[in-house]
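Reading through the structure tokens given below for one structure.
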Amino acid sequence: MQKILVIDDDLDIRGTIKSLLEANEYHVDTSTSAKEADKKIRTTAYSTILLDIFLPDINGLDYIDELRSKGIKVPVIIITGDSNISTARQAIRQGVFDYMVKPFKSNQLLQVVQNAVMHNHLIEERESLERQKQLYQAELEHTVARKVKELRESEQKYQDLVEQSLVGVYILQKEKFKYVNHKFCEILGLNPEDIIEKKGLSDFATAEFNKIVKHNLELRSKGNIPLNSFQFRAVTNDNKILLLETWVGPVLYKGSNAMEGIIIDITEQYYAKVRENKLELELLNENKLAAIGQLAAGIAHNLNTPLSIIQGNAELLQFKYSDAIEIEKILKQTENMSHLINTILVKNQREQQNEIVDIDINELLTQELEFLKAHMFFKHKIEKTYHFDDSLPRVEGIYSDFSQSISSIIQNAIDAMYDTEKKELSVSTTKENGMIVISISDTGVGIPEKNRQRIFEPFFSTNHRDIQTINKQTPSDHPKGTGLGLSVALNLLSPYGARIEFTSEVNKGTTFFIKIPIRK
């Protein structure tokens, strides 16, 4: 349970915030002054601090400086009744996480606290990874230094110690291995007799890294560059892909020039960094979606009033001039606009609910496709065919997980047809082998064979392979994808047991199948 500290000399404010946060499964401590808060901060690790800017014993902004000088990096949310802009600017300069002016709404406070807790979690995880990296680097440097010293002392001692090393050790001569230790064999899943005199380092590299490995070995064999490392992808004996890092330099081995190096498996370290980046991206995306949703809802609400006035006056005019065709057109368009506003409001409301609900897949698809009519290319250039199975059962899940995933795949289909002569989109639903199957077909450019294994990778996109070419030659209304759509869709739907499959033919089109298990 995340721990929150509320520092405010107002009993009512403290009580209100404490009750609200505890109702949302936070552990909340309160203090009336900075002095009292200091005692609690010394003994408790808080995820977030809510701080009144005016305290009886110190100004809130000065107290933030004191906390930072003590090395306390917990996110601080300022709560104040003072809406003075200069005060807010000063708070931002001092690195507060957010600034809330009383009175504020409960949902606003909860969202800000949630964001601050997540921000603190990301900072802690990043610091933890950095500590691990430093420890790992220190251990590695210590190990390498110790091994090198021992190697120079005795060839026999070298042999014994290297065999027990935590890193892979090897010697290359004329591009073939002359020696590999036990750890090297363990990393690549082979025995020494399968490697020595038979293979070189580049033989383990994947196709795209083969020449890179050869080039780096050639440079280092001449001693022209410092003994720094290089990384490459390698294939093990059981066809597993690893990311390896190696340090290698020239030595004499049995009287002849050779290359001696160490090698380590950094695959897990790499994926830990990927996970960290993903968490940061998800938090950023969540904040952006919330802001966009609030903006859309505000615009829709503000349009309703003038729209109602237009519609009411048009109806009065129609009563007076019943034969006027123009009035009928006005009423028809106000009805269409009212329907669109309602669609925006319903969609926004559902996507803001972060809880499991019953979802009608056909209704969700209808809403997403209706919402896309604001996209001029979709509305006017694409022929659309929809076939929905009315007997589909509902599914359980978070509405935004499904709406965002399906919307991303439909958007990919639209983007694929920008430059094709034939532009047809087909969306259908059906039941098949205990699954709800959503089919989304386009007549776009298709997916080349070489890219089909990578389309679910984060940031992989065929829309921005050559940024310079796009900037010079591609019209501004053409899609420039981030490469996150399919990756996000797969990550959102996988927890529900859903699968995303596809068939594709270059220059003919692509069909995606979203298969969702029917609950029993």
Which pairs do you get when a residue that is assigned by TED's automatic domain parsing to the domain that holds Thr503, found in segment 418-442, comes within reach of a residue that is among the basic types (Lys, Arg) and not in a strand (DSSP E or B), reach meaning Cβ atoms under 9 angstrom, with the pair 6+ apart or on two chains? Tyr418/Lys381; Lys423/Lys381; Gly434/Lys520; Asp442/Lys423
Meets criteria (exposed (fewer than 15 other Cβ atoms within 10 Å of the Cβ) and touching a residue at least 40 places away in the same chain (Cβ under 8 Å)) for Lys102: yes
For the subset of segment 164-222 comprising residues that are of a type in the set (Gly, Ala, Ser) and touching a Lys or Arg at 6+ places or on another chain (Cβ under 8 Å), which member is farthest from Thr246 (Cα to Cα)? Gly189
State whether the residues of segment 413-435 include one that is of a type in the set (D, E, K, R), in a strand (DSSP E or B), more than 22 Å from Lys381 (Cα to Cα) and over 27 Å from the mean Cα position of the chain (by Cα). yes
Which pairs have Cβ atoms under 9 Å, sit 6 or more apart or on different chains, and link a residue in segment 173-191 that is at positive phi to one that is in a helix (DSSP H, G or I)? Glu175/Leu201; Glu175/Ser202; Glu175/Lys214; Glu175/Leu217
Restricting attention to segment 93-109, does a residue exist that is in the same structural domain as Glu22 (by TED's automatic domain parsing), farther than 27 Å from Tyr270 by Cα, at pLDDT 90 or above and β-branched (Val, Ile, Thr)? no
If I ask for residues that are at pLDDT 90 or above and farther than 20 Å from Ser391 by Cβ, which ones from segment 348-368 would you list? none
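For segment 111-124, state whether one or more residues are over 27 Å from Tyr271 (Cα atoms), in contact (Cβ under 8 Å) with a residue 24 or more places away in the chain and part of a strand (DSSP E or B).
Step one: list which residues in segment 111-124 are over 27 Å from Tyr271 (Cα atoms), which gives 111-113.
Going one step further and asking which of them are in contact (Cβ under 8 Å) with a residue 24 or more places away in the chain, we end up with 111-113.
Now restrict to residues that are part of a strand (DSSP E or B): none.
Within segment 111-124, none of the residues are over 27 Å from Tyr271 (Cα atoms), in contact (Cβ under 8 Å) with a residue 24 or more places away in the chain and part of a strand (DSSP E or B).
Go through segment 172-255 and tell me which helices (runs of 4 or more DSSP H), entirely inside it, have 2 or more residues that are under 40 Å from the mean Cα position of the chain (by Cα), of a type outside the set (Gly, Ala, Ser) and over 19 Å from Thr143 (Cβ atoms). Before the answer, list the steps.
Working: elements: 182-188, 192-195, 210-221.
Result: 210-221.
The values are calculated or read from the model by the stated rules, or taken from the named source; none is laboratory data. A quick note: this is a predicted structure, and the numbers were derived from the prediction, not measured. Positions of Cβ are backbone-derived with ideal geometry, glycine not excepted, and every protein chain shown enters the neighbour counts.
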